[in-house]
Amino acid sequence: AGRFLASGRKVPREGGIILAVGENRQEIEAIVEQDPFVARGLASYRVIEFRVSQRADSIDALLPKS
């Protein structure tokens, strides 16, 4: 769906992080619920919503228009 911008494992390796953009929190949660690991109860997730206050000009094209 083009919503995930970056992902990787945490250091130390105790989970991972996905940086995603969406119209709202519910959209991102719906995408995550479809993950096979989440759907089978093998992984859990936490969505942390934030407002961008600073960014590099080069990523403007990837961010939703507000």
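The values are calculated or read from the model by the stated rules, or taken from the named source; none is laboratory data. The structure presented is a predicted model; accordingly, all values stated were derived computationally and were not measured. Neighbour counts run over all protein chains shown; Cβ positions are idealised from the backbone, glycine included.
Please work out which residue is farthest from the chain's Cα centre (by Cα), limiting yourself to the range 19-34 and to residues that are in contact (Cβ under 8 Å) with a residue 24 or more places away in the chain and outside any helix (DSSP H, G or I).
Looking only at the range 19-34, we keep the residues that are in contact (Cβ under 8 Å) with a residue 24 or more places away in the chain, and these are 21-23, 25, 27-28, 31.
Next, from what is left, pick out any that are outside any helix (DSSP H, G or I): 21-23.
Numbers: VAL21: 6, GLY22: 9, GLU23: 12 Å.
Applying the filter and picking the extreme gives GLU23.
If a residue has to be in a strand (DSSP E or B) and surrounded by 10 or more Cβ atoms within 10 Å (Cβ to Cβ) to count, how many in the range 1-18 make the cut?
First, pick out the residues of the range 1-18 that are in a strand (DSSP E or B): 4-9, 16-18.
Going one step further and asking which of them are surrounded by 10 or more Cβ atoms within 10 Å (Cβ to Cβ), we end up with 4-5, 7, 9, 16-18.
Adding up the residues that qualify gives 7.
Identify all residues within the range 35-63 that are loosely packed, with under 10 Cβ neighbours inside 10 Å and part of a loop (DSSP other than H, G, I, E, B); write none if there are none.
Scanning the range 35-63 gives ARG40, GLY41, LEU42, SER44, ARG46, ILE48, GLU49, PHE50, ARG51, SER53, GLN54, ALA56.
Taking the condition of being modelled with pLDDT of 90 or more and either closer than 16 Å to PHE50 by Cα or hydroxyl-bearing (Ser, Thr, Tyr) (or both), how many residues in the range 5-20 meet it?
5
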